[in-house]
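Only one structure is covered here, and it is reproduced in the block below.
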Number of protein chains: 2
Amino acid sequence: MGNSIHVLKDALKDSGRRVTHKRGLILDLLRETPGHPDAETLLIKAKKRDPRISLATIYRTLALLKKTGFVEEHRLGETHAHYEAVGETPHFHFTCRKCGRVIEFESGLLDRLKLELKRKHRVDLREIHIHASGFCAHCREKGD
Amino acid sequence: MGNSIHVLKDALKDSGRRVTHKRGLILDLLRETPGHPDAETLLIKAKKRDPRISLATIYRTLALLKKTGFVEEHRLGETHAHYEAVGETPHFHFTCRKCGRVIEFESGLLDRLKLELKRKHRVDLREIHIHASGFCAHCREKGD
DNA sequence: TTAGTTGCAAACAATTTGCACGTTG
DNA sequence: CAACGTGCAAATTGTTTGCAACTAA
């Protein structure tokens with residue numbers, strides 16, 4: 001578990017940006033936290049280790065981590081954003097409309113979809129998000 | 001182009017909800033408008049035909065049309081939502097990070113993806129959104 | 001030392017809501 | 001005429017920003 005400061009150092013060097021312990025903390029939290037925390041949740045967790053951290057810093061750091069490719073921002077059917085540390089395997093999300101649970105799923109079709117998009121429209125594809133919703137196996141049994 | 005009131009009547013009957021001019025107007029606009037208007041854009045267009053319509057009604061009607069399956073809400077990389085009348089062919093969106101253009105694309109892989117998701121996780125799938133971003137063919141040529 | 005970072009509070013943007021009045025069935 | 005719909009303005013929610021104090025390099 002980690003101290004992510006050295007990782008950030010690598011990514012931020014030469015950019016004039018600094019590696020602070022708050023930034024490292026936020027990246028650590030994102031990597032440790034299962035699921036898809038929102039900014040508020042990250043603030044609460046962060047305050048336990050550094051009580052003087054503010055929501056503004058959470059947002060500013062999330063923007064930085066997005067730009068440098070460490071985190072992804074997801075819209076999971078709610079009005080606010082959720083965040084997730086970028087891992088090895090790309091995956092998508094399914095939100096249950098009843099219990100709110102988020103299921104992550106992967107598929108080999110993703111690569112083919114990307115390829116198709118690049119070929120057909122000759123775009124330089126940088127990001128792709130898939131979000132599905134409906135009723136999870138558990139909730140569908142008991143009717144809506 | 002049409003008067004959507006009879007269509008709404010069908011969908012809203014027995015639900016205690018009423019079929020009003022304003023609701024019909026907003027659905028008409030969504031069907032006539034190419035692209036993916038946001039609430040503000042719909043308000044401007046709506047005011048040309050009914051100057052007394054308000055933004056609150058736009059939002060309330062969009063919520064109703066979403067619930068009844070007439071429109072889809074998309075998050076196209078901006079902070080506010082965009083809306084689109086549900087048509088025959090499901091498609092996805094690609095937003096160019098430079099010029100902001102939204103490209104719609106379809107793929108036969110979509111059905112396979114849905115099938116895979118239903119099989120693997122036994123969910124009752126109601127909706128799936130795919131949003132990609134990067135640089136369109138036009139913008140990638142001239143560097144970032 | 002000095003430019004980048006942070007907390008705080010205020011500003012913003014998008015959307016929602018309470019309430020009195022208007023309209024539909 | 002009873003219940004639902006609407007305009008208006010105020011309230012909420014989520015996020016961003018200006019500025020003075022702070023801190024990493």
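Across the stretch B:30-78, which residue is nearest to DNA strand D (Cβ to nearest atom) among those that are within 14 Å of chain A (Cβ to nearest Cβ) and assigned to a helix (DSSP H, G or I)? Once the filter is applied, the top-ranked residue is B:TYR59. Confirm whether A:LEU8 is among the aliphatic types (A, V, I, L, M), modelled with pLDDT of 95 or more and either part of a strand (DSSP E or B) or in contact with a helix residue (DSSP H, G or I) (Cβ under 9 Å, 6 or more places away or on another chain) (or both). It is false that A:LEU8 is among the aliphatic types (A, V, I, L, M), modelled with pLDDT of 95 or more and either part of a strand (DSSP E or B) or in contact with a helix residue (DSSP H, G or I) (Cβ under 9 Å, 6 or more places away or on another chain) (or both).
One residue stands out among those in the stretch A:1-24 that are touching a residue at least 12 places away in the same chain (Cβ under 8 Å) and among the polar types (S, T, N, Q): the one that is nearest to DNA strand C (Cβ to nearest atom), which is A:SER4. Hey, among A:ALA81, A:ALA56, A:ALA46, A:ALA63, which residue is more than 11 Å from DNA strand C (Cβ to nearest atom) and hydrophobic (A, V, I, L, M, F, W, C)? Result of the check over A:ALA81, A:ALA56, A:ALA46, A:ALA63: A:ALA81. Against the criterion of being away from chain A (no Cβ under 14 Å), in contact with a Ser or Thr (Cβ under 6 Å, 6 or more places away or on another chain), at pLDDT 95 or above and within 15 Å of DNA strand C (Cβ to nearest atom), B:LEU27 qualifies.
To keep it simple, each residue is scored yes or no on (1) within 11 Å of DNA strand C (Cβ to nearest atom); (2) more than 13 Å from the chain's Cα centre (by Cα); (3) among the basic types (Lys, Arg).
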residue: A:THR33; (1), (2), (3): no, no, no
residue: A:ASP50; (1), (2), (3): yes, yes, no
residue: A:GLU72; (1), (2), (3): no, no, no
residue: A:ARG101; (1), (2), (3): no, yes, yes
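Which condition number does B:ARG17 fail, the rest of (1) over 27 Å from B:PHE135 (Cα atoms); (2) assigned to a helix (DSSP H, G or I) being met? Just one mismatch for B:ARG17, condition (2). Restricting the stretch B:82-115 to residues that are acidic (Asp, Glu) and surrounded by fewer than 16 Cβ atoms within 10 Å (Cβ to Cβ), which is farthest from the other protein chains (Cβ to nearest Cβ)? Checking each candidate, the answer is B:GLU88.
The values are calculated or read from the model by the stated rules, or taken from the named source; none is laboratory data. What you see is a predicted model, and the numbers here were worked out from it, not measured in a lab. With ideal geometry, Cβ positions are generated from the backbone for all residues, glycine too; neighbour counts draw on all protein chains shown.
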